[in-house]
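Input: a single structure, listed below in structure tokens.
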Amino acid sequence: MLGLKKTIIAIHGLGNKPALPDLEDWWIKAIHEGLERIGKPRHSIPFKLVYWADILHPVPLDTRISNKKDPLFEPEPYMRVLPDTPRIKPSFRAKLYRYIAEQLDNVFLNEDMSLNYTHITDRIIHRYFTDLDKYYQDDLLSQDESTVNYKMRIQNRFFKVLKKHRGNQILLIAHSMGSIVAFDVLTAFAKQFNIDTFVTIGSPLGLPIIMARYFAEQKRHTNGILRPATPDCIWPNWYNLSDPEDRIAIDHTLNDDYAPNRLGTSAQDISVYNDYQVNGTRNAHKAYGYLRTPEMAQIIDDFLSRSRTDSLLRRSRFLKQRKTIAFKDFMNKFDRSNK
């Protein structure tokens, strides 16, 4: 504990990606760009990217390919924003997404949080979210990657990185489908980790089909819950950054979807402007745009600037609260066994 270090761990989202060295380098550059914008530049950042695109897409996108028709062409590389790039005004699309988000829960979730019209939601995921469709083919974890399918292999890769750095103070950034992978692992192994700061960017965690799955799983272990809860290993911060025009994160507020965990942590929803664009076309879901927002830069700077003493005090408080929860769980089990 005396050697407590800070580590930023990130996990990318769905779709094929460039090879790990290229993608990790671009994420780091985007973070540096954001820190420079707020006047807090740094020479280096303790950063580790959990790369899992190769599990679903064995051949990565090639940044050297210029032929746009080539299936391995990278259409959206990292690019710095030019100083004179105008900010694109909100379009009708943002209002449409907000309306859809307001109706999703009413249409697809029953009062008991079970999923309605499952045939429709399954069809939507199968057609528009191929990676997520493959991911949901299995719900188990295994330590042997050679004999398991997509979901287990992706989760195992993320789990191993967390396990390697669990002695450190962790800021975890999860983009898009990566937030689903992170939520799965953090929920299943909450007793093994402490995530000091969790940041979801462009997250689809508010979609009814995702919420229903978490609720059903958590309800099997905890009676009386009314909605899925934040994993107990996240303390004290969960920030949810979302651009109103992000087409994947249709439900931009997660605080009303996920209950606080037993440490009191819940999502703090922050609306941001994702400025990523290429050839004049804006993509409000792109990770690079989220990573360089002033809101993200401030979160990262606050984490890295925290004194060693404050970091140790935070870890100590977390461990004390965890022991209290463990004792309460033990007493509850003891009481039930004696009834």
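General remarks:
- Out-of-range pairs (alpha-carbon distance over 21 Å; input Lys17/Lys151; Lys164/Lys286; Lys164/Lys191; Lys160/Lys191; Lys219/Lys320): Lys164/Lys286; Lys219/Lys320
- For segment 239-339, a/c is not less than 1.5, where a ≥ b ≥ c are the root eigenvalues of the C-alpha gyration tensor, and a/b does not top b/c. That puts it in the oblate class.
- Gyration tensor (alpha-carbon) shape descriptor, segment 168-222, a/c threshold 1.5: oblate
Bear in mind that the values in this text are calculations on the coordinates, not laboratory data. All values reported here derive from a predicted model rather than from experimental measurement.
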